[in-house]
Amino acid sequence: MRDDEIRRHLTQMNPWWRAAVSGTSPTAWVDQHRVFRDLGRHDMGYRSPVLDDIANGPVSDQLVVLSGPRRIGKSVTLLQTAERLCSRADVDPRQVIHVPCDGMTTQDLRRVLVLGRTLTASVDRETPTPRVWLLDEVSAILGWSAILKGARDNTDFGDDTVVATGSRWAEGEDIEGNLMAGRAGSGTRRWRTLYPMSFREFTSATAPELGLPDRLHPAELQSGVARSALENYGFFVDDFDLAWQAYLTTGGFPRAVAEHSQLGAVTDSFIADLEAWLHRDVEPAASPESVPLLLNALATRSSSPFSVSSAAQELSYGKGVLDLRLRRLIASHALVRCPRREAGQIVPGAQAKYYLADPILSWLPSRRRSGLPAPDMTQLTESIIGVTQARAIDVIDEGRLPHGDTIGYVRTSNDKEIDLGPVVVPTSTGAGMTVPLESKWVDHGRKSEARTISAKFDAGILATKSVLDLEGRVWAVPAPLVALMLL
């Protein structure tokens, strides 16, 4: 892009700059903006808190890398953050620089950092004034993190607040080395992910009349506080069971939740959008039908260790190709790896389980290809409880989920499996261990699984369909209540 093209791009993408000249409201642009008009058709009032501190806090010297799957609303969240910043009396709208980066080159990004400051130079009066840079889908630019590092080390850009978003990070991009080491902002959670709505967020949006138990630390799911909370919700087990089944059918993508609430189901067009995202990021050279087949292979095997060799043979491509596609699914936030663990440590070379990161991804195969089965609700419950615990651990220990170090299954001496064994997590008093969890989405017949957990760990929780039983060392707790306590 030429400099004049970049200038035009920045001016068009930052309509609030005109307010300083025209004397209009710095948020008047919202009513005319296409993203907000589109959002209005599916808006249920849900707002992710992922950038609340950027919108409400100091505008200098913060750096946040925000990742998340496509179609989750990262661009919307950035624009909502811009709106909130522009509405503040202590922020000049010219301090906010929004840059959609799709289609840009490394040289374009370098020039953007120069021209963005030049175009807003009128905000610098006696001293340089910090900016807030909202760089959308910057991960599409090869080497972007090194460019930002150089600018932060050597220019006034180092005093600015920067939010850089992306849907899939290139394997060779050294984000941690370039941006996470050293000074990256005081007290800021630097690496964040915009996830699909959790079951708690889904229930708050779709069934606000249901009171929700407080979240607990993953190491405290069998504490006295947990017992008291669960006893108070025993009368509402059936209501939570219905809400859980709705969540397993819909998932947490905000548009999917809105469509389910407004129309009774997620539309075919949104399912097609999700398939197009995965085809682009995971299997761009494969046939269109490859995505449903791959997701079906993962969903139907989710409750057992995944054999890459046998799955690759079934899918008719090599083991190396499948390994690559699994890594891409994880990098695209569509898949969570659940390795085998012993004494809390990952067992090298052992087969892992794989959980699709949102329920709607398990429905995509049967919605997009005739003859593929609908997901099994028992398997889907195990997957989503695993994903929920992985996300909960990442909340209290930043960066573990991107590195695959959150959850893990365990084998017993008689070769049985426990879905989620204990892992080390930080607590207020030092290192602690999560509570063992086994998904058993039934109303009866849970005693053998309880004995398995008791023999291996002495205590733990069975995530049931609707049984709540807090007697003994192994509790039976409905899966939706387990999810609500975790996240």
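Values in this text are rule-based calculations from the coordinates and carry no lab data. As the structure is a computational prediction, the values presented were derived from the model and not from experiment. All Cβ positions, even for glycine, are placed from backbone atoms using ideal geometry, and neighbour counts span all protein chains on display.
The antiparallel fraction among DSSP beta bridges confined to the range 199-486 stands at about 60%. Partners of Lys456 within straight-line reach, counting lysines whose Cα lies under 28 Å from its Cα and excluding those fewer than 8 residues away in the same chain: Lys353, Lys416, Lys440, Lys447, Lys465.
Between the Cα long axis of helix 3-13 and the first principal axis of the chain there is an angle of about 60°, rounded to the nearest 10. Taking every DSSP beta bridge that has both ends in the chain, the antiparallel portion is near 35%.
Think of the chain as having a plus end and a minus end, set by charges on the Cβ of Lys, Arg, Asp and Glu; of Val162, Ala297, Tyr247, Ala297 sits farthest toward the positive end of this dipole.
Between the range 193-240 and the range 86-108, the C-alpha centres lie 38 angstrom from each other.
Compute the signed sum of charges (Lys and Arg +1, Asp and Glu -1) over the other residues within less than 12 Å, Cβ to Cβ, of Tyr46. All intermediate terms of the calculation are to be shown ahead of the outcome.
Numbers: positive: Arg47, Arg200, Arg255; negative: Asp43, Glu201.
Residues near Tyr46 contribute +1 overall.
The distance from the alpha carbon centre of the range 131-146 to that of the range 374-395 is 31 Å, rounded to a whole number.
In the range 198-339, inverting the average of 1/r over every pair of distinct C-alpha atoms gives 18.0 Å as the Kirkwood radius.
Please give the charge dipole size of the chain, origin at the Cα centre, charges +1 on K and R Cβ atoms and -1 on D and E Cβ atoms. Round to the nearest 20 debye.
Roughly 600 debye for the chain.
Report, to the nearest 10°, how far helix 74-86 tilts away from the longest principal axis of the Cα atoms in the chain, using its own Cα long axis and a range of 0 to 90°. The angle comes out at about 50 degrees. Charge tally for Arg369 (other residues, Cβ to Cβ under 10 Å; Lys, Arg +1; Asp, Glu -1): 0.
Name the long-range amide H neighbours of Gln62: under 5 Å, sequence gap of 5 or more, or other chain; modelled H, no Pro or chain starts. Amide H neighbours of Gln62: Thr161, Val162. Based on alpha carbons, the Rg and Dmax found for the chain are 23.6, 75 Å. Per residue of the chain, the DSSP helices (runs of n ≥ 4 H) give a summed -39500 (n - 2.57) that works out to -12500 deg cm²/dmol at 222 nm.
Ranked highest first by the average count of other Cβ atoms within 10 Å around their residues, in what order do 411-424, 194-207 fall? Walk me through the numbers on the way to the answer.
Values: 411-424: 17.6, 194-207: 21.1.
In decreasing order of mean packing, 411-424, 194-207 become 194-207, 411-424.
With respect to the chain, whose longest principal axis is taken over its alpha-carbon atoms, helix 359-368 is tilted by about 90°.
Converting phi to 3J(HN,Hα) with the Karplus coefficients 6.51, -1.76 and 1.60 and the offset θ = phi - 60°, the range 171-176 yields 4, x, 7, 8, 5, 5 Hz in sequence order, with x at every glycine or proline.
When N counts the residues of the range 199-486, how does its alpha-carbon radius of gyration compare numerically with 2.2 N^0.38 Å, as a ratio? All intermediate terms of the calculation are to be shown ahead of the outcome.
Numbers: Rg = 18.6 Å, N = 288, 2.2 N^0.38 = 18.9 Å.
Its radius of gyration relative to the 2.2 N^0.38 Å reference: 0.98.
Every pair of different Cα atoms in the range 410-478 enters the Kirkwood calculation, which places the hydrodynamic radius at 12.4 Å. Taking other residues whose beta carbon is less than 11 angstrom from the beta carbon of Pro305, and scoring Lys, Arg as +1 and Asp, Glu as -1, yields +3.
P(r) tail for the range 3-193, what percent of Cα pairs lie past 20 Å? Kindly include the intermediate steps, with their values, before the conclusion.
Numbers: 9651 of 18145 pairs.
Considering the range 3-193, 53 percent of its Cα-Cα pairs are separated by more than 20 Å.
Taking the alpha carbon gyration tensor of the range 19-100, multiplying each eigenvalue by 5 and rooting it gives semi-axes of 21, 18, 11 Å, largest first.
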